[in-house]
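> One structure, as structure tokens, below. Some questions next.
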Amino acid sequence: MKKYLRASFGDFEQQDLDELQDLCGELPDSFTEFLWEQNGGVGDLKFTGTSVLIYGLGDSPSDLRTIYRETKDEMPDRMMKIGDFSEDRSLLLNCDNGEIFIDGSVVAKSIKDYISEHLTSYEIPGGVENEIVFSITNRRNKRLRELLQSAFNQPSYRTENGLSLVQMALIARNYEAIAILAEFNYDFSGSLFYLFEKLKVNFIFLNALLEGNVNLDEVNQDGKTIFEIDHSWVEDLKKMCRERGLL
């Protein structure tokens, strides 16, 4: 599977797109199709070694609605900033015809043409396992649910690096994917320890795991439960567990 962008903004709802078009007016079909299919991401420019961030719809400072509000007064009529480069240049969209501009010049007839003509492609290895991981890390949660419902039933699946799908979702900060994996009874073993030892803990992470299939009696290699390790979040975890009747 050939891809050009990584780290997309994930899934969004029709309401999100409606809110954007309430702000900027109707968008060309070529751009709305791109949002539904990819919803932004980061790509590498051919030959230059630099990258471009193409904005999407999602909970991010780079959300298209936020960017539009911040930059609309700087833009010519019916032009919208949709991305930026590492060298402090902008990618603009003509909202009437879908053309893409850089430095005042047209560089492509549509966002899809720009991506295919100017960005370096890479291959996603075939197989449903790789598509599952890709869906989790890129927050394509609707596709993740479809795959788990129809094509994948391996609750104990581990990646080549020995990570569970729940741990992959923690790395990607994809809280919705954790809930989906819990719904399909996927393996949560080691996830609390992985969170405490490898990642930055927060209440959202803990809530997601506690609402899943986490085993609080699990022990690590030292024979300690999660409550016995030396970590600043242990007391908060205990409190959350008591509130849920888990302790």
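> Taking the stated definitions as given, is ASN207 modelled with pLDDT of 90 or more and part of a loop (DSSP other than H, G, I, E, B)?
Values: modelled with pLDDT of 90 or more: yes; part of a loop (DSSP other than H, G, I, E, B): no.
So ASN207 fails the test.
> Right, next: I need the full set of residues from segment 136-179 which are under 13 Å from the mean Cα position of the chain (by Cα) and acidic (Asp, Glu), in order please.
Selection gives GLU176 alone.
> Might you let me know whether segment 111-125 holds any residue that is surrounded by fewer than 21 Cβ atoms within 10 Å (Cβ to Cβ), modelled with pLDDT under 90 and under 15 Å from the mean Cα position of the chain (by Cα)?
Checked against the condition, which is being surrounded by fewer than 21 Cβ atoms within 10 Å (Cβ to Cβ), modelled with pLDDT under 90 and under 15 Å from the mean Cα position of the chain (by Cα), segment 111-125 yields no hits at all.
> Which members of segment 1-51 meet the condition of being assigned to a loop (DSSP other than H, G, I, E, B) and loosely packed, with under 14 Cβ neighbours inside 10 Å?
Hits for segment 1-51 are MET1, GLU13, GLY25, GLU26, LYS46, PHE47, THR48, GLY49, THR50.
> Tell me whether segment 84-91 contains one or more residues that are of a type in the set (A, V, I, L, M), surrounded by 15 or more Cβ atoms within 10 Å (Cβ to Cβ) and modelled with pLDDT of 90 or more.
Looking through segment 84-91, at least one residue is of a type in the set (A, V, I, L, M), surrounded by 15 or more Cβ atoms within 10 Å (Cβ to Cβ) and modelled with pLDDT of 90 or more.
Conditions tested, residue by residue: (1) surrounded by 15 or more Cβ atoms within 10 Å (Cβ to Cβ); (2) on the phi < 0 side of the Ramachandran plot; (3) under 21 Å from the mean Cα position of the chain (by Cα).
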site: LEU181; (1), (2), (3): yes, yes, yes
site: GLU197; (1), (2), (3): no, yes, no
site: ASP222; (1), (2), (3): no, yes, no
site: GLY245; (1), (2), (3): no, no, no
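> Please state which one of LEU237, LEU246 is modelled with pLDDT under 95 and either outside any loop (DSSP other than H, G, I, E, B) or of a type outside the set (Val, Ile, Thr) (or both).
Selected residue: LEU246, the only one of LEU237, LEU246 that is modelled with pLDDT under 95 and either outside any loop (DSSP other than H, G, I, E, B) or of a type outside the set (Val, Ile, Thr) (or both).
> Output the number of residues of segment 40-66 satisfying the condition of being within 23 Å of the chain's Cα centre (by Cα) and closer than 21 Å to SER105 by Cβ.
8
> Out of all the residues in segment 67-76, is one or more within 25 Å of ARG140 (Cα to Cα) and buried (at least 16 other Cβ atoms within 10 Å of the Cβ)? Let's see the steps before the verdict.
Our first condition is that a residue be within 25 Å of ARG140 (Cα to Cα); within segment 67-76, this holds for 67-68.
The next check asks that each one be buried (at least 16 other Cβ atoms within 10 Å of the Cβ); those that pass are 67-68.
Yes: one or more hits.
> Between residues in segment 196-215 that are charged (D, E, K, R) and residues that are in a helix (DSSP H, G or I), which pairs lie under 7 Å by C-beta distance while being six or more apart or on different chains?
GLU211/ALA179; GLU211/ALA182
> I've got another one for you. Working only within segment 1-22, note down all residues that are among the small types (Gly, Ala, Ser) and within 19 Å of ARG145 (Cβ to Cβ).
Within segment 1-22, SER8, GLY10 qualify.
> Of all residues in segment 52-63, which are closer than 19 Å to ILE102 by Cβ and assigned to a loop (DSSP other than H, G, I, E, B)?
TYR55, SER62
The values are calculated or read from the model by the stated rules, or taken from the named source; none is laboratory data. Bear in mind that the values here come from a model prediction, so they are computed numbers and not experimental data. Glycine gets a Cβ as well: all are built from the backbone with ideal geometry, and neighbour counts include every protein chain shown.
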